[in-house]
1. Determine the share of the chain's accessible area contributed by carbon and sulfur atoms, expressed in whole percent, with a 1.4 angstrom probe.
2. Counting Lys and Arg as +1 and Asp and Glu as -1, each charge on the Cβ, what is the dipole of region 197-240 about the Cα centre in debye, to the nearest 20?
3. Say each of K97 and T172 gets a label point 7 Å from the Cα, pointing the same way as Cα to Cβ; how far apart are those two points in nm?
4. If you take the square roots of the eigenvalues of the alpha-carbon gyration tensor of region 172-229 and sort them as a ≥ b ≥ c, do you get rounded (a/c under 1.5), prolate (a/b over b/c) or oblate?
5. Rank by packing, highest mean first: peptides 244-255, 53-64, 153-164, with packing defined as the count of other Cβ atoms within 10 Å averaged across residues.
6. How much of D190 can a 1.4 Å solvent probe reach, expressed as accessible area in Å² and rounded to 10?
7. Of all beta bridges DSSP finds with both residues in the chain, what is the antiparallel percent, to the nearest 5?
8. Taking a ≥ b ≥ c as the square roots of the eigenvalues of the Cα gyration tensor of region 93-168, is the shape rounded (a/c under 1.5), prolate (a/b larger than b/c) or oblate?
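The values are calculated or read from the model by the stated rules, or taken from the named source; none is laboratory data. In this text the structure is predicted, and so the values were computed from the model without any measurement. Because the Cβ atoms are built from the backbone with ideal geometry, glycine has one as well, and the counts that use them run over all protein chains shown. These area figures cover heavy atoms from the full protein model, side chains too; ligands, DNA and RNA do not enter into them. Shrake-Rupley method; radii C 1.70, N 1.55, O 1.52, S 1.80 Å.
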Amino acid sequence: MKMRVKRTGALFMAACLLAGCLTGCKSKGVPEEELVSDAAFEGAYLVTADYVKEHAGDENVLLVDCRGVDKAKKETLEGAIATTWQEIGTCGESYGKEGDEGWGKIPEPSELSEKLGGLGMSKDKEIILLGETLGGWGDDARVLWELSAAGYDNVKMVDGGYSAAKAAGAPTQKGASEPEPSEVLIDAIDNTHVMGTEELQAHYDDYKILDVRTEEEYEGAVKYNEAKGGHLPGAIFMPYTDLFREGGTLRSQADIEQMMTDAGISKEDKIVAYCTGGIRSAYMQLVLEMAGYENTWNYDQSFWRWAVVGEVEK
């Protein structure tokens, strides 16, 4: 059985449930005195808040507020369109509900092409995704993870999220901009970093499993209509919030490597991250990939599905 690892002194706050979907809450990152390095995290999927400020308004840049239309109504960055990971995933009524076999996955290429085309998310543009880190669930990472699997190679998320971009002085507006539909053609989905339930069940012992939810969820609390509480057998507890400094930006690569070493994980291991619905775990997978952990997967349906079909521990 895999070792359970906790960071001493980690603080967690409960999240909220709204209409059956995850919505963010304020939580604390890792205190400065516990950091290994004060260096900034750098990676292929990441841009700084200053970069967003400098490129806001560029005709070849599309800002996408992944917090959704309702959040954008209050405030978003100037020129940003708005969507959610649910809107571009298999989350409609035709797929059932959370935990059902087809719910919460990447759509087939033809369906995804139509969804993304309607949002004007052309592969010809540099797409910068906005979400929240400590104040949210990594929705931008879930969208980035899906776009990457769909063949987008010029898509980024903002270190520190929307809050950092606003603090840097990027211009804002109330309400999202209207998308300008474009033609999008997706030939196939690259499943290199996509983990499905059947594969995980069939080869479970080949993987090291990271549970990136809160301690309360790990211990068995049912908070989001899960079929039951608990965690995947032998899962290592590594909360999503441990990726961040107290200000909400990512910790350094050295910090991430130390965190993994402390958990008994090497860059040669096969690593699967999960949360409730594959959102926070998408952020974990992308960060680990950027930090050199190539054998990493996001379990897209995550605990919602596993709680229906798999065994759990408490």
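1. Values: 6260 of 13280 Å².
Of all accessible area on the chain, carbon and sulfur atoms account for 47 percent.
2. Details: 4 positive and 10 negative charges, 23 e Å.
It works out to roughly 120 debye.
3. Output for this residue pair reads 3.6 nm.
4. Values: a/c = 3.13, a/b = 1.40, b/c = 2.24.
Note, shape of region 172-229 comes out oblate.
5. Details: 244-255: 20.2, 53-64: 16.7, 153-164: 22.2.
For the peptides 244-255, 53-64, 153-164, the packing ranking is 153-164, 244-255, 53-64.
6. 80 Å²
7. Values: 7 of 31 bridges.
Rounded to the nearest five, the antiparallel share is 25 percent.
8. Taking the square roots of the gyration eigenvalues as a ≥ b ≥ c, region 93-168 is oblate.
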